[in-house]
Structures are given as structure tokens and as C-alpha cells.
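Note sheet for the following structure.
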Amino acid sequence: MLVKKIFFILFQEEINGVLNSQVFDTITFLSSKGNSCKVIFFVNPRYYFKIRDFLKKKNIEFVLVPSIKSNVRLAQILIKSIFRPNSSDILIGRGVYAANIILVFKNCKTVYDGRGAYYKELEEYNSITDLDRAIKFEKQAVELSKYRIAVSNKLIEYWTENHWSFNPSRVFTIPTLINTKRLTTDIRVVEDEKIRICFIGSNGKWQGENLLINFIKCHLEKRKDLIFNLFMKESSELSVLKNTFPNNINISFVPYQEVKNNIEENDYALLLRENSITNEVSAPTKFAEYLAAGLKVIISEKIGDFSEMVSKNNLGFTYRSGFLKNLKKVTKNEKLEQIEFCHENFTRESKVNTEKYLQLLKQK
């Protein structure tokens, strides 16, 4: 792989499992190939020391810049005062705001790391009054960046449908990936008649908790051999459901680092989302994590590129509604097949994804 200086620009991001997987694991991978990686992180002053201590433990080179939320113009002034990139440097702006910040540098390679449909997510799941501003920033990120990373082909279609102008040859589809160390090596199949189904997530609006509850209720009313292991915070609605089926539902919240060990003994994993543009262009990290643990995936229709992938490659079930009558225990060989598929398609170290990074780095 080519050796480059790569700068990751983050703006007002939360330190969580998603950021750890999507950014810091990527930095670890690219650094292992000899590249020089550095983070320029615009942070809320309240979290300055917390983020500083976290990055120190990660042993990542970084610069923290206290900033005001959504003030892109001020961030552009600040970054120009502290940073002078060379023409050969690569600047990757994660998300719409970060991508707009680095547009002030005209002489180097700017990359918009598109994680989703930004303005649509605000429109569908948040209360926002200045939608025109959000559309403007997203349009500029797509059109004015020299290169783009899209987490799904559906996201590229969304850009096209908005009539935003960009060169398709300068777009790289790289889904949310994991490192090979997250692949399960100790296959777990519990020797009993129970079928175990897990879910990792939060209570976020786009996570579809109502879909999760309806799925569980529908299936436990018909089958008593199902065990649902939910790794999330317990809401009042989930508490009611758990009290209704106390022997079939387990709810616990575990740190991101412990998720892998907790889900490996399950047969299936749930990835249920409502029908929205936000979900239609997405690439949830948990999809790769489920496959890496050897689990079959029960996924809603129209989840990025993944729903069709599940159907085409026998990775589980694409779910619309009602009762799934074909659920059965997943064998050790089936789990091995899931893990191998994940290794080939969703690890940074795989041939196909290493080549994508190489192509991105070698572009002028």
C-alpha cells in the first residue's frame, strides 16, 4: 500500500463504539500499512479532557480544537491557523460538517466520508428549523470534495436523485468494516433445543424499538423455544414485554468491547428498521459484527445494500412483517460460512477492501 500522510477531521463527534470502529480502527489499519495518520478533532469544550484522555490511550496522534457546535465558518478559520497541509496530503472529513471545513484547502486531496443521508436524517428523525442550511452543507460536501467515500451504493443513488453533481469515478463504496481480530474463532453452538436471537442497539428513533417489540411479541406468542438476548438499555416498553415473557427475554447493556463475546452463542441477530431514506442508504456496523460472530441476520427490507445481500447469499431472512416459521438452530458449518463471508466482504484486511483503500490513496 502507498505510504501517505492522512488526516482525519472530526467535528463534534461522540466517543462511542461506532466512532471507535469506523474511525480509530481504520486509523490502526492504515497505520499498520506504513501510513502516517493524525486526527484533527473539533470538540465541545465540555468534553475536551475526556476525549483527550481517550485518544492518549489509543496511542493516536491528534490535535484537539475547542469549537462551537455547527459553526463551520469559525472551524475553517481555526483549521487554517493551525494546519498547513501539503499537496500530497489526504484530508478525510467524516460527515457533512467536517467535509465542509476542509474545503478551504484547495491544493490537496479532500475526501468526503459520507456516512448517510444527512439532511434526510434531520428531516425524518430530528426537529430542525433550518433544513435549507443542512441541504446546502450536504450538497457542498458531495459536489466540492475531490473524492467521496459512500457507505453504500444506495447512498450514491441518493446523491444522484438529489441532482448533485459529482464524478462517479471519484467515489469509493466502502461499507462499515471491522478488523479481522473481531472475527469469531471459537464457534459456539449451544447443545439444546432453544433458538437464540439477539439484538445490539440503542433506543434511538431510527433503531425501530417498536419493530423489535412487535417482532418479539409476535414470535413468543407462537413459539416458546425462542430466547431473545437484547443488549441495550431497558425502556419501560421493554420492561412490560419482559414481564410478560420472563423466561424468554434477557436485557442487559454491555460496553462495545464486550459485545462480541456476548452474542456468539446466539443463532440469529435482528436488524429491524423502519422504512425511511435514512435507513435505505445506511450501512449499520452491527451487520458486519453479527456476521463476524457467525450469526444469521434477520433484516428489514431496504436497509442499504444489506437487505438484498442477505437474500442473495443466504445470510438469513429479509423480514417484512408477521411470523417467521422457518427459524431453526444454526449449525456450526453455517456459522463458519457466515464468518467467511464477513472476512471476504467486511474486513479491512480482505483483498477487495484493501484494494479500495489503495485506489483511494493513489488517486492524484
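The values are calculated or read from the model by the stated rules, or taken from the named source; none is laboratory data. The structure presented is a predicted model; accordingly, all values stated were derived computationally and were not measured. Cβ sites come from the backbone with ideal geometry, for glycine too, and all protein chains shown count toward neighbours.
To keep it simple, each residue is scored yes or no on (1) over 30 Å from Asn353 (Cα atoms); (2) touching a strand residue (DSSP E or B) at 6+ places or on another chain (Cβ under 7 Å); (3) polar (S, T, N, Q); (4) in the same structural domain as Lys302 (by TED's automatic domain parsing).
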| residue | (1), (2), (3), (4) |
| --- | --- |
| Asn162 | no, no, yes, no |
| Pro168 | no, no, no, no |
| Thr173 | no, yes, yes, no |
| His219 | yes, yes, no, yes |
| Ile227 | yes, yes, no, yes |
| Asn248 | yes, yes, yes, yes |
| Pro255 | no, no, no, yes |
| Glu258 | no, no, no, yes |
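Which residue out of Cys218, Cys198 is surrounded by 18 or more Cβ atoms within 10 Å (Cβ to Cβ) and either in contact (Cβ under 8 Å) with a residue 40 or more places away in the chain or under 25 Å from Ala292 (Cα atoms) (or both)? Spell out how you get there, then give the answer.
Details: Cys218 fails: surrounded by 18 or more Cβ atoms within 10 Å (Cβ to Cβ).
Cys198 is the lone residue from the list that is surrounded by 18 or more Cβ atoms within 10 Å (Cβ to Cβ) and either in contact (Cβ under 8 Å) with a residue 40 or more places away in the chain or under 25 Å from Ala292 (Cα atoms) (or both).
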Taking Tyr357 as meeting all but one of (1) assigned by TED's automatic domain parsing to the domain that holds Arg196; (2) aromatic (Phe, Trp, Tyr); (3) buried (at least 17 other Cβ atoms within 10 Å of the Cβ), write down the number of the exception. (1)
Could you run through the stretch 71-98 and say how many residues are without any contact (Cβ under 8 Å) to a residue 40 or more places away in the chain and among the polar types (S, T, N, Q)? 4
Working only within the stretch 43-63, note down all residues that are buried (at least 16 other Cβ atoms within 10 Å of the Cβ) and either among the polar types (S, T, N, Q) or touching a Leu at 6+ places or on another chain (Cβ under 7 Å) (or both). Val43, Ile51, Phe62
Hits in the stretch 16-35 - residues which are within 20 Å of Lys286 (Cα to Cα) and either surrounded by fewer than 19 Cβ atoms within 10 Å (Cβ to Cβ) or of a type outside the set (Val, Ile, Thr) (or both): Asn16, Gly17, Val18, Leu19, Asn20, Ser21, Gln22, Phe24, Asp25, Thr28, Phe29
How many residues does the stretch 250-270 hold that are crowded, with 20+ Cβ neighbours inside 10 Å and either without any contact (Cβ under 8 Å) to a residue 40 or more places away in the chain or touching a Phe, Trp or Tyr at 6+ places or on another chain (Cβ under 6 Å) (or both)? 2
Odd one out for Asn314, checked against (1) touching a residue at least 60 places away in the same chain (Cβ under 8 Å); (2) assigned to a loop (DSSP other than H, G, I, E, B); (3) not hydrophobic (A, V, I, L, M, F, W, C): (1)
Could you check, for the stretch 197-215, whether at least one of its residues is assigned by TED's automatic domain parsing to the domain that holds Leu315, farther than 29 Å from Leu155 by Cα and over 22 Å from the mean Cα position of the chain (by Cα)? no
Mind listing just one residue for me: the one in the stretch 1-30 that is among the polar types (S, T, N, Q) and assigned to a helix (DSSP H, G or I) and, of those, nearest to Leu361 (Cα to Cα)? Thr26
Specify the residue that is surrounded by the fewest Cβ atoms within 10 Å (Cβ to Cβ); the eligible residues are those in the stretch 69-126 that are under 26 Å from the mean Cα position of the chain (by Cα), farther than 24 Å from Val171 by Cα and charged (D, E, K, R). Lys69
Which one is surrounded by the fewest Cβ atoms within 10 Å (Cβ to Cβ), of the residues in the stretch 221-248 that are modelled with pLDDT of 95 or more and within 26 Å of the chain's Cα centre (by Cα)? Asn229
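For residues that are outside any loop (DSSP other than H, G, I, E, B) and charged (D, E, K, R), scanning just the stretch 100-120, find the one that is modelled with the highest pLDDT.
Filtering the stretch 100-120 down to residues outside any loop (DSSP other than H, G, I, E, B) leaves 100-104, 109-114, 118-120.
Add one more test, that the residue is charged (D, E, K, R), and what stays is 109, 113, 120.
Details: Lys109: 95, Asp113: 98, Lys120: 94.
Per the criteria, the residue is Asp113.
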Scanning the stretch 54-70 residue by residue, those farther than 23 Å from Thr26 by Cβ and modelled with pLDDT of 90 or more turn out to be Pro66
Of the residues Glu289, Glu334, only one is of a type in the set (Asp, Glu) and crowded, with 22+ Cβ neighbours inside 10 Å; which? Glu289
